[in-house]
Structures are given as C-alpha cells and as structure tokens.
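Here is the structure we will look at.
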Amino acid sequence: MVVIPRNCDVCKTEFELHFRYQMEERSELTEGGASVTRYAFYCSQRCLEASHKERSDGQVPCDACATRFTVELAAHVLFTGGQRHYACGPDCRARILEGVRSVRLGELRQSEFDLPGDAEPLPEPSDSMRLTDRVPPALPPSVQPPRLESLPPPAESQRRSTNLRRLRPGKPQVLAVFNHKGGTGKTTTSVQVAAGLAEKGAKVLLVDTDGQGNVATSLALTSERSLYHVIVMGLSLEQAVIEARPNLDVLPSNETLAAAELYLAGQKRRDRILAQRLERARDLYDYVIVDCSPSLSLMNQNALAFADAVLCPVACDYLSLVGVRQVLRTIKQVNRILGHAVQLWGVLPTQFDTRARICREALETLRQNFGEVCLSPVHYVSRVKEAPSVGKTLFEYAPTSTATEDYWRVVEKLLSSTAAASSPQAAEQAGGVK
C-alpha cells in the first residue's frame, strides 16, 4: 500500500494518508471569479469534524447518493448501530437503514446471518425539529463510504445498449480468473483476455473483485463509482461501469471493497449477492471476465458462484504448482456445497521461461495432469510488466511480442470453446498434482 505524507489542514500535524475520509475535494472561487479545486487533508476524524463546523456552506454528503446538502431537519440525521449517518431524502434514508440493518460492524453473528433490527426510525420532521444551529460531524472512517461529490451522470458513451444478447448454450459467458496464490498473473490475464475479446468484436465487461484496484490502474482509469456502490449501495451496473476501450467496459474496485465484505457477511444467501447484483450483465454483454483476489475470501466465493467457468493462471514454479490443488478443492466445494455448476475451463501457465529447467518441468507436470485443459504457456517478457505503467494493454503496447501472441491464443480458444472442453475428469486427475 502506498503511504503519502500530508499536513493536516486543521492542526498542521504531518501524517500518513491511509483512509479516504482523510482527503476532501473542495471547489473555491478565486478573486477573478474562476472556480478552482483544491484538496484538504485531515489527520483524524476529530480534525475532520472541526473542519465541518467551520465551513461556510455547512453542507455534508448524503451517505446513499453522495449529494451535498444542508442539514436542516431531524430526518436528515440517522443514529443506527451507534453511528451517525446523513440522508438527503426519504429514499436515501430507506437505503441507509436497509444497509445498516444488514450488518453492524463488530456485531456479526457466527451462527446465523439475520441481524437484529436497529432502533426505530426517527419521526418525520416538523417545523419544530429544524437543526439549523449546527452541522453534525462526519461518519467515522470505518463505515464512511467513498464520496461521489458533484459527480456528473454517466456519459452517453458509458451507457450500455439495451439490446439483449446471449451466447449459445454451453459456452462459458462469465469467466472467473482465479488462483489462491498471488503473483501468478491473474490481473494481467484478466485485462488481456478481456481486451482481446473486445478487439474481436465481443461486448465485454471486466469486473475487478480485488480491493487493490489493479485493473483500473492497468488501464489508466479513474472513477469514484466502484463495485462497492453496486453491492452495498444498490447502484445499477450501467451507472457504475467505465468505458475503457471500444466494446470493453470496466467495473472497478478500490480499498472500500473491504467494507463490502462486511456487508456480504450479514446477508442471507451471502454467497449469491454478487450474482444477483450483476445478473443483468449476462443480457448486456457477450462475456464477463472477473478478476479475483488471491485469497479465500467471501468475495471470491461470490465470484465463483457468479461464474460459469474458471481460468486458473499458474506461474511456472513449484509453489504455484502445489497451489493448484487448493483451487480444485475450492471449485469442488462451490459445486457441492453451494450447488452451483462452475467448471475448470483452463489452466494457463504464465511467466514461462524456456531457459529455466523448473519452468519446463512445471509445464510438463501441468500437461500430464490436466491434458487439454492446460493451455499454451504465456512466455515471460519484460513488456508484460511495462504495459500497465503506461496504462495500455499488451495488444496496444507490444502487439508483436511473444506474450501478446500467447494471449491471442487464449482469446481464440475462448471464442471457439464450449463447456464440453472443460473436462470434469481433468479436475479429478489434477487431484494427484505433486
């Protein structure tokens, strides 16, 4: 995680910027009447509250839609779960209450996922209940969602056509790029496969379920809307996606995804929330590529319960080879416990160096155990690491490199494959990987 030193605007103390609430964007007018944007920094929640009390406009962001408004009515303020929330209107108030009732930080039950309801809602406002004398402090950082201050509505180019399209039965439409081990090339593979499919004319959605947010970084994208807002705040898919390239939309993520995991933990059918929120993507896109995090997380369970098939990148080294067994066990558990038929579509050897003996041995082992499910390897070239630094895909940055050709083969196989190619017997055979 990148640590950025800043000076607090209130107490002038130097601190390290870790949380979203510690940075606030403000619009100010110059002497000439022009509007300029500057950033304010706060070392603690106390300094943030102090800054709100001193502000001339006296406005706070709504915790549901992020609209800035002036707190005038008692109904604008909610106290639930020991926390303070702001709602600009009745609809936003209902959304906040629904979210808070679903999960209380630090009070999640282990035996069941139905949480007790919170206190009764505040009564509807009357003229005698106006609170114009003060502006309440902001939310604590542990529950404060990212701000969407002054965000314009999605551009026309970001809105997806409503033409419904589906692939022929049997072809994997939602592909999860998944491996428990880190450093195997999951994000690189997700970006290249999604970009390659888009260049072939398919409508593609690339979903980042990793809180590190490397998908957006790899494509030089910035957005205040993220997967967090779709899962927790109920934002529609069309409002949250970014058009990264022609035919390629991205649903990004960032560090707030940790809060989304807490939300998921308090829901009924908590393994199916992502599939419910993104179900419309099956009608809007030809392919959905899901970049998973390297962990045994609840978010990954949701990703697998949403996916039709799994692509498992495996670095050509011994530790990555051993880790494939855990991937196979997880897929079997999703099929058996969750009752969702997800298959192993392919195992993709990555970082393959023909000069290294361990790489050749690892590739041979994968081929012996997985057969046709083992795809052709992606060769190790420095261009793979250079492309994200300039915000480009391999097809844009190094169209003639060996790794680019390797990813083209993956794209072509995906375009022509059917679920029958995802041999269930391969997973059983792979149980003997040494």
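Here are a few things to note about the model shown:
- Criterion applied to 388, 349 was being of a type outside the set (A, V, I, L, M), surrounded by 24 or more Cβ atoms within 10 Å (Cβ to Cβ) and not in a loop (DSSP other than H, G, I, E, B), and the one residue passing it is 349.
- Conditions (1) at pLDDT below 90; (2) aliphatic (A, V, I, L, M); (3) touching a Lys or Arg at 6+ places or on another chain (Cβ under 9 Å): number failed by residue 258: (3)
- From the options 385, 434, residue that is modelled with pLDDT under 95 and within 22 Å of residue 192 (Cα to Cα): 385
- Residue pairs whose Cβ atoms lie under 9 Å apart, sitting 6 or more positions apart in sequence or on different chains, and linking a residue in the stretch 251-276 that is within 13 Å of residue 216 (Cβ to Cβ) and in contact (Cβ under 8 Å) with a residue 40 or more places away in the chain to a partner that is among the charged types (D, E, K, R) and in a loop (DSSP other than H, G, I, E, B), are 251/225; 252/225; 253/210; 257/210.
- The residue that is farthest from residue 22 (Cα to Cα), counting only those in the stretch 234-262 that are surrounded by 22 or more Cβ atoms within 10 Å (Cβ to Cβ) and of a type outside the set (Gly, Ala, Ser), is 248.
- Within the stretch 287-329, the set of residues being touching a residue at least 40 places away in the same chain (Cβ under 8 Å), surrounded by fewer than 19 Cβ atoms within 10 Å (Cβ to Cβ) and assigned to a helix (DSSP H, G or I) comprises 318, 319, 322, 325, 326.
- Matching residues in the stretch 222-243 - criterion: being farther than 20 Å from residue 306 by Cα, touching a residue at least 40 places away in the same chain (Cβ under 8 Å) and either of a type in the set (Gly, Ala, Ser) or part of a loop (DSSP other than H, G, I, E, B) (or both): 224, 225
The values are calculated or read from the model by the stated rules, or taken from the named source; none is laboratory data. This structure is a prediction, so every number in the text was calculated from the model and none was measured. Glycine gets a Cβ as well: all are built from the backbone with ideal geometry, and neighbour counts include every protein chain shown.
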